[in-house]
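Below is the structure I would like to discuss, written out as structure tokens.
The values are calculated or read from the model by the stated rules, or taken from the named source; none is laboratory data. Note that the structure is predicted; figures quoted are calculated from it, not measured. Cβ: placed from backbone, ideal geometry, glycine included. Neighbour counts: every protein chain shown. To get the accessible areas, we keep the full protein, side chains included, count just its heavy atoms, and leave off ligands, DNA and RNA. Shrake-Rupley method; radii C 1.70, N 1.55, O 1.52, S 1.80 Å.
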Amino acid sequence: MNELANKTMIVTGAAGGIGEAITIKCLEQGATVIACDLNNKQLKKLEKLKYRFYDNPLFVFPVDVSDHKDVKQFFSIINMKFSKIDGLVNNAGIYLGRDLLDYTPELVDKVINVNIKGSTYFSQLFGELLLQRKDKGSIVNISSVSGQEGSTDAVYGLTKAALIGLTKSCALNFSPNIRVNAVTPGLVETSMLEDIPEWRMNEYREKELLNERLQPEDVANTVAFLLSDSARNFTGSVFDINNGCYMR
């Protein structure tokens, strides 16, 4: 099904893990994708995907989501190059896997700058662009179960909780033109799992009701739905993807 046909999507943190899976899913469903990441080397590898999906353009942009000037320049470029932008996925984020007592002020700033400020800057400028054009669109924020149930990395947990607040506030402020939703994955099979303490991993796994471990593609399926017109009645919502680990 090409539910995203003729749509153009921006994906941040697109060069690996969940971001790469979202990029692929959007391309598979017929979208043009503007992929952003700070890792230029990984972006070059991602760019090769356009040869698999040659009917659907893939554009890559090295962007530091935590740098407002960089983000503003990026939106100036796409404003000139693209007549229509339909969706934004705020996926860029970092996880250091540290105890709060081990954080320095510089590391606190680093995580907050990427995880919170990055999504805020992109949401602000995306919203401004679409509202000026009087277009409709959708934002999906990649939060985490850590933002709802707590995390062994307190700074990461607070940033993911903040994204839920950003989601609900932007849904209110950007209505009715722009829908804004969040997804809160549990344990997803990415490299991030290497930094989670074993006891915490076991705690999560024991509570999961389903045996199929979450893959990046599973998150991407939900994100693609939220970007599509099939989700036209959803905004300000938080979608749990955690194998029933936490039921609210």
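For region 168-248, what relative contact order do you get, as a whole percent, if you take Cα pairs closer than 8 Å and at least 6 residues apart? Kindly include the intermediate steps, with their values, before the conclusion.
Values: 94 pairs, mean separation 41.5, N = 81.
About 51 percent, as a whole number.
A further question follows. Reachable lysines from residue 48, Cα under 19 Å, same-chain residues fewer than 8 places away excluded?
By straight Cα distance, residue 48 reaches 25.
If you average the sequence gap of Cα pairs under 8 Å that are 6 or more apart and divide by the length of the chain, what percent do you get for the contact order? The partial results should precede the final answer.
Values: 471 pairs, mean separation 48.5, N = 248.
This gives 20 percent for the chain.
Under 13 Å from the 7 Å Cα→Cβ point of residue 237, by amide nitrogen: which residues of region 159-181?
Flagged as within label range: 179-181.
Helices from the chain with mean Kyte-Doolittle at least 0.5 and a Cα length along the axis of 27 Å or more, per DSSP H: which? Don't skip to the answer; put the middle values down first.
Values: long enough: 154-174 (29 Å, 0.99).
Going by DSSP H runs, the hits are 154-174.
Between region 29-54 and region 200-225, what is the C-alpha centre distance in whole Å?
Spelled out, the Cα-based centre of one part sits 25 Å from the other.
Now, a different point. Return the Cα extents of region 63-181 along principal axes one, two and three, sorted largest first, each rounded to a whole Å.
Over region 63-181, Cα extents along the principal axes are 47, 27, 16 Å.
OK, next. Could you tell me what % of all Cα pairs in the chain have separations over 32 Å? Intermediate values should be presented prior to the final figure.
On the way: 4822 of 30628 pairs.
That fraction is 16 percent.
Taking each pair of different alpha-carbon atoms in region 1-130 once, compute 1/r for the pair, average those values, and report the inverse of that mean as the Kirkwood hydrodynamic radius in Å to one decimal.
Details: mean 1/r = 0.0659 Å⁻¹.
Every distinct Cα pair counted, the radius reaches 15.2 Å.
Under a 5 Å amide H to amide H cut-off, with H placed in plane at 1.01 Å, what residues pair with residue 137 once short-range neighbours are removed?
178, 179
Let me ask another. Before I look further, what does region 1-115 give for accessible area per residue, probe 1.4 Å, in whole square angstrom?
Values: 5860 Å² over 115 residues.
Result: 51 Å² of accessible area for each residue.
For all pairs of alpha-carbon atoms in region 201-248, what percent lies in each bin of width 5 Å, listed from the first bin to the last filled one?
5, 18, 24, 21, 17, 11, 4, 1
Moving on. Using Cα positions and a limit of under 19 Å, work out the aspartates and glutamates in reach of residue 117, with same-chain residues fewer than 8 apart set aside.
Cross-link targets: 37, 64, 67, 70, 106, 109, 128, 153.
While we're on this one: Ranked highest first by average number of other Cβ atoms within 10 Å, how do 27-39, 77-89, 175-187, 236-248 line up?
In descending order of packing, they fall as 27-39, 175-187, 77-89, 236-248.
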